[in-house]
Amino acid sequence: MTASITPEQLAAFDEASIAELAHRLDNDDYPSPFDALSDWHLLRALAIHRPDLARPYVHLVDQEPFDED
C-alpha cells in the first residue's frame, strides 16, 4: 500500500526542500525503483498544486503539459 500525498505535506515544501527532491530525482540514485517513483509522484503533485515552487524542476516530471483547472 502506498501513502497518499497530503495537502499538508505539499504545503510544507519550500525552495530548499524541493531543490533536494529535484536533486535526488536528477541523480536517479535510489535503492529501488519504487523510491524513485514515490519522489516522482511527489514532484508531480507539487507541479500541479504548487506550480510556482516546482517551475524550475518541471522538466523532471517528464510529461506533457497539464492543466488541472
So what's the net charge close to Pro31: Lys and Arg +1, Asp and Glu -1, counting the other residues with Cβ under 15 Å from its Cβ? -3
Which net charge results when you count Lys and Arg as +1 and Asp and Glu as -1 among the other residues whose beta-carbon is under 15 Å from that of Ala19? -3
Net charge around Gln9, counting only other residues with Cβ within less than 15 Å of its Cβ (Lys, Arg = +1; Asp, Glu = -1)? -2
Rounded, prolate or oblate: which one fits region 11-60, using the alpha carbon gyration tensor with axes a ≥ b ≥ c (rounded when a/c is under 1.5, else prolate when a/b beats b/c, else oblate)? prolate
Could you tell me the relative contact order of region 6-68? Use alpha-carbon pairs under 8 Å, at least six residues apart, and round to a whole percent. 34 percent
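FYI, it's all coordinate maths here, none of it is from the lab. Just so it is clear, the model here is predicted, and its values are computed rather than measured. Heads up, the Cβs are rebuilt from the backbone with ideal geometry, glycines too, and the neighbour counts pull from every protein chain shown.
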